[in-house]
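Trainee: Can you keep this structure in mind? I'll have questions shortly.
We did not get these values from a lab; they are worked out from the coordinates using the rules stated. The shown structure was predicted, so the numbers you read here are calculated from the model rather than taken from an experiment. All Cβ positions, even for glycine, are placed from backbone atoms using ideal geometry, and neighbour counts span all protein chains on display.
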Amino acid sequence: MITAEQLKDIQERTEALHRYLNIDRKRIEFEEEQLRTQAPDFWEDPARAQEQMRKVKNIEKWIKSYDTVRMQADELQLAFDFYKDQLVTEEEVDENYARVVESIETLELKNMLRQEEDPMECVMKINSGAGGTESQDWAEMLMRMYMRWGEAHGYRVTISDIQDGDEAGIKSVTMKFEGGEYAYGYLKSENGVHRLVRVSPFNAQGKRMTSFASVFVSPLVDDTIEVYVDPARVSWDTFRSSGAGGQNVNKVESGVRLRYQYEDPDTGEKEEILIENTETRDQPKNRAKAMQLLKSQLYDRAMKKRMEEQAKIEASKKKIEWGSQIRSYVFDDKRVKDHRTNHQTSDVDGVMNGKIDDFIKAYLMEFPTTETE
């Protein structure tokens, strides 16, 4: 049975959300923005109309989410009072408490995601580090972990490109998380180097080995985001693509390789961006998807430059580079620890099966972002 202190905490957190989210202002905004959709010429510009509809729905979601929390908090108060009169059971009060805690934590976490790109779908690339089979096996384990996480949260996870390892595992993989909200906002916490320590199954002496793999996450742009791609800097190659182990061998060159000669607008430094896509057996579709991935990378670079200029917390974050791992997975000691937040757990199996929400929440609470003006 919950205590009076726990009930008070729920009421205080609910009131805090009302202030943080500025719900009263959002209700006024919602009415104003909804009125704009009723103008006679509203649909004459479909693109602008759709953007306005998205804006209205976004405000409405915040209001509805808060109203749900407020309603559940009030129901918990009633249940707590009714218990004194023996009108409800302890179990019913505790069930109400668990329900409102989950709703509050979900909204508190969402409140941490205020950047323009946070609600977007995303692209994740995993690269194995030095160490051959060991690191390639570790990269595949990470791929499975993120796929499990994505599926558990209702995202559609697809593989755009995968390079198999020499003996086991993978050298690299590019995955997309689509069909849900805030994929980038949540998974941006995974950017960096991930370190594995375990007794190697590939070592005859049973030695304890350390492996590394890097994870890069970018927002997945759609048609509503304008990203300029200079056609003069684009070149294409095609190749035959096949499934793992030689399965599903294509008889035609459906795989595409996009090369883009990128030049940093500030420094003038030049770099070739290389993107491969073997997602389908339809070459035109693969070309379109490769171009979308290129736009996502270009958007990501522009976004990071903007964040570097305006973010106030970047100095306290670890630089994402080889050797400065963000998280360690120590199998023998049954410990997974995030070095940025010091959050850790002994549930190694759960983590490797996609239960990483506590790590994501700890990161977002430690490094909150401000709303983009």
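Trainee: What translational diffusion coefficient, in µm²/s and rounded to a whole number, does the Stokes-Einstein relation yield for the chain at 10 °C and a viscosity of 1.306 mPa s, taking the hydrodynamic radius as the Kirkwood radius over Cα pairs?
Mentor: Answer, rounded: 67 µm²/s.
Trainee: As I understand it, the value is the acute angle between the Cα axis of helix 46-84 and the longest principal axis of the Cα atoms of the chain; what does it come to in degrees, rounded to 10?
Mentor: 50
Trainee: Alpha carbon centre of the range 17-86 versus the range 104-126: separation in Å?
Mentor: 19
Trainee: Most fluctuating residue of I162, I273, I126 in a GNM of the chain with Cα springs under 10 Å: which is it?
Mentor: So, out of I162, I273, I126, the one fluctuating most is I273.
Trainee: With θ taken as phi - 60° and the coefficients 6.51, -1.76 and 1.60, list the Karplus ³J(HN,Hα) couplings across the range 137-151 in order, rounded to whole Hz; mark glycine and proline as x.
Mentor: Karplus values, whole Hz, x for Gly and Pro: 5, 5, 4, 5, 5, 5, 4, 5, 4, 6, 5, 4, 4, x, 5.
Trainee: Please list the non-local residues whose amide H lies under 5 Å from the amide H of K171, H modeled 1.01 Å from N, same-chain partners needing a gap of 5 or more.
Mentor: Residues meeting the criterion, in which the H sits 1.01 Å from N, are Q163, D164, G165.
Trainee: Work out how much length R25 to M365 would gain on full extension: take 0.36 nm times their residue separation and subtract the Cα-Cα distance, in nm to one decimal.
Mentor: 120.0 nm
Trainee: So if each residue of separation counts as 0.36 nm, and I subtract the Cα-Cα distance between F331 and K305, what length gain in nm does that give?
Mentor: Using 0.36 nm per residue and subtracting the Cα-Cα distance, I get 5.7 nm.
Trainee: Another question about this same structure. Under a 10 Å cutoff between Cα atoms, tell me which one of M53, M209, M120 has the largest fluctuation in the Gaussian network model of the chain.
Mentor: M53
Trainee: Also, quick follow-up: Against the longest principal axis of the chain, how steep is helix 357-366, in degrees 0 to 90 to the nearest 10, with axes from Cα atoms?
Mentor: So the inclination is approximately 80 degrees.
Trainee: What is the angle, in °, between the Cα long axis of helix 90-111 and the longest principal axis of the Cα atoms in the chain? Nearest 10 is fine, range 0 to 90.
Mentor: Value to nearest ten degrees: 50.
Trainee: Per residue of the chain, what 222 nm ellipticity follows from adding -39500 (n - 2.57) for every DSSP H run with n ≥ 4, rounded to the nearest 500?
Mentor: Rounded to the nearest 500, the figure is -14500 deg cm²/dmol.
Trainee: A further question on this structure: How about the range 48-110: which GluC sites (Glu not before Pro) there are in a DSSP loop, with at most 10 other Cβ atoms within 10 Å of their Cβ?
Mentor: When the GluC sites (Glu not before Pro) of the range 48-110 are filtered for loop state and at most 10 Cβ neighbours within 10 Å, nothing remains.
Trainee: Another question, then. Which of the residue pairs K64/K176; K55/K110; K125/K285; K8/K334 have a Cα-Cα distance greater than 27 Å in the structure shown?
Mentor: Distance filter (> 27 Å) returns K64/K176; K8/K334.
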